[in-house]
Each structure stands twice: as structure tokens, then as C-alpha cells.
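Reviewing the structure listed below.
The values are calculated or read from the model by the stated rules, or taken from the named source; none is laboratory data. Keep in mind it's a predicted model, so treat the numbers as computed, not measured. All Cβ positions, even for glycine, are placed from backbone atoms using ideal geometry, and neighbour counts span all protein chains on display.
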Amino acid sequence: MKKKGTILVENIVFIILNVLFLSILILFLLKQGSGTLVLEQVYSKEIAMFVDSSISGMEVKLDMEKGKKLTEKSGVDFGNAVIITGNFVTVKFGEGKGYTYAFFNDVVVSANAEKDNMGEYTGMYVFRIKEDRRGT
Amino acid sequence: MRDKRGTDKILSIYWFVVLTLIGGGVFAMVYVFYGPPYDVREIESEIFAGRIADCLSRQGTLNPNLFVEEGFNQEIGNTFSEDCNFNFNVEEGYGDEIQYFYKVEFYEVTDLEYPVFSFYGGNNNWEMDCYIKKENSKEYRKLAKCTEKRFYALDEDKNQHLIKILSVIGKSEKNAKQ
């Protein structure tokens, strides 16, 4: 009788450890794909690429819902997640310094997080290509 | 009956060794996939070449600023970057080294071997990277990415020209694993 009980406990421990291992593995994979560092880099390069392709007068909307979720988790204001200074775009979803990438198109760009009627962020960012730096 | 507890324990240890190996493998694969930065230089150099082409020609006609009475404007290379709204400032990590290069060559349709006029801008140290045969190794991935674009256009006198554009993006620190 005692022997059977020992085997049962061993089996349960074995199954729990297996489940734990698989859960950690899945969580690790999910976290890697949507990590702050990866998303900051992806968004900043994406923004730089479409700014390079754009001409003055254009307006571009970018869905940054994943980034919004990260800012909510880290307590950062989503409205300050994208900063464009000169020809550099910096995307920051956490407390770190964010990720900066340069674009070669010499235009003035404004970046604003879109809000709904209730004043809540929709997860979209609106980029307006105002004019080139020579003002033409 | 034989006591199989010893065998079971060995099997369990073996099983966890296997799980550790699988876990290590998955970790290594994820690191290899997400570790290196996303390389956008090819797209960037294509966009850059497209912008240069837009600046040289509109609807198949070459920009009149490219010409003076005697022929091609030899001074165009000095002002082309500014006229086309290119800003070559780059992130802090690169220091003062410009990470862009472009070269424009004009050919007569009767002689497509030797250009009749050419000019360039940016950092010409990057040009050589375009002529090195690229292999899929770490060192080669650090080389600049290049795009060559060709198109035909007419000047104001309806003479046809072939224009070749070479655009190059360095920026390996931000786009390739160091």
C-alpha cells in the first residue's frame, strides 16, 4: 500500500513539472514576440520608412495598439510614446530611453496619439508631413 | 515481480534532460530570431533611389536644373542633396560619419557603356561595399546595402538619356548584429 502511494506522488510531481516547463516555454515565446525592445525598434523603423517615402501634405495613421498595451503596463503616457526631433524618430514604451532611428527625408513631421470622444487613446498614431525644411 | 523504481527514476532524469535540451534549443532559436536587429537597409536604399529618381525626372522629363546652355550642369552635385531635401544626419553611435551615398550617371542611348555625365553625394567610402560579392556570413552582413535603379528620360530638346542611380545605406550598427 505504501509503495503505491509513493508512485502516485512521483507521477503527480512529474506531471506538474512537465506542465510548468511547457508553460514557461510558451510564456517565454509569447513575451519575446511582443517585448518592449522589439516593438520599439519595429515601430521606429516603420515610421522612419514611411516618412522617407512621404511628401508634404500627407497624413499617415499607424495602428500602435500593441505599443499602447505596453505603455499601460509600464505606466508611461501613450501620448509621449513617439517623439520626432529633427530627422530622428524615437519610440518609447517603457522607462528606458527607447529606440531611435534616423530618416533622410528632410521634412517637418508631427506625431499625435489619436483620442476618441471620451478622451481615451484609440491606439492609433497620426503622422502629418507638414513641409520640407526649406518650406516648399 | 521486479522492483522498477530505479528504472523509473532514471527515466524521469532522462526525461528532464531531454526537456532541458528542448528548452535550450527553443531559447537558442528565439535568441537567433529576435537577437539581431531588423535589417531595413534594403528597403531604405530602394526608397532612397526612388526619391533620387523623383528629383531627377518628373513624368519622363529631366529636371531642367540638370542642364545649362553648354550641356550638363557640372555644379549640380554641390546642391543636389539640398535641392532634393536629403538630410544625412544620423544617430549618435555613428559619430560624424555619413551613412548614405548616391551616384547618378547619365548615358546617351547610342553608348550605354560610358556615362556622359555623373555626380555623387554622401560618403563615397560606402560605394566599394556594393561591388563585393556578398555571402551569408556575419562579416558580409555588416556591409552596406545597395540599390541600382535605371530609367530612361527625355531632356527639354527631346533627347533620350539612360539614367543609372546607385543608392547605398551604411547604418550597420542599427541593422546588423555586431
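Answer yes or no as to whether A:LYS97 is without any contact (Cβ under 8 Å) to a residue 12 or more places away in the chain and either away from chain B (no Cβ under 13 Å) or among the hydrophobic types (A, V, I, L, M, F, W, C) (or both). For A:LYS97, the condition - without any contact (Cβ under 8 Å) to a residue 12 or more places away in the chain and either away from chain B (no Cβ under 13 Å) or among the hydrophobic types (A, V, I, L, M, F, W, C) (or both) - is not met.
Can you tell me which residues in region B:44-87 are free of Cβ contacts under 8 Å to residues at least 60 places away in the same chain, crowded, with 17+ Cβ neighbours inside 10 Å and within 11 Å of chain A (Cβ to nearest Cβ)? Matches in region B:44-87: B:ILE47, B:ARG51, B:SER81, B:CYS84, B:ASN85, B:PHE86, B:ASN87.
For every residue, the table says whether it meets (1) in contact with a strand residue (DSSP E or B) (Cβ under 7 Å, 6 or more places away or on another chain); (2) not charged (D, E, K, R).
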position: A:LYS68; (1), (2): yes, no
position: A:GLU72; (1), (2): no, no
position: A:PHE78; (1), (2): yes, yes
position: A:ILE83; (1), (2): yes, yes
position: A:GLU95; (1), (2): no, no
position: A:ALA113; (1), (2): yes, yes
position: A:MET118; (1), (2): no, yes
position: A:LYS130; (1), (2): yes, no
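The requirement of being over 25 Å from B:LEU62 (Cα atoms), surrounded by fewer than 13 Cβ atoms within 10 Å (Cβ to Cβ) and modelled with pLDDT of 90 or more is fulfilled nowhere in region B:107-118; no residue meets it.
Residues in region A:41-75 that are crowded, with 17+ Cβ neighbours inside 10 Å, outside any helix (DSSP H, G or I) and away from chain B (no Cβ under 14 Å): 2 in all.
The residues in region B:86-99 that are out of contact with any Ser or Thr (no Cβ under 8 Å at 6 or more places or on another chain), assigned to a loop (DSSP other than H, G, I, E, B) and under 18 Å from B:ILE47 (Cβ atoms) can be counted, and the count is 5.
Number of residues in region B:85-120 that are under 23 Å from A:VAL109 (Cβ atoms) and of a type outside the set (Ser, Thr, Tyr) equals 11. Restricting A:VAL109, A:VAL38 to those that are free of Cβ contacts under 8 Å to residues at least 60 places away in the same chain, under 27 Å from B:ASN87 (Cα atoms) and in a strand (DSSP E or B) reduces the list to A:VAL109.
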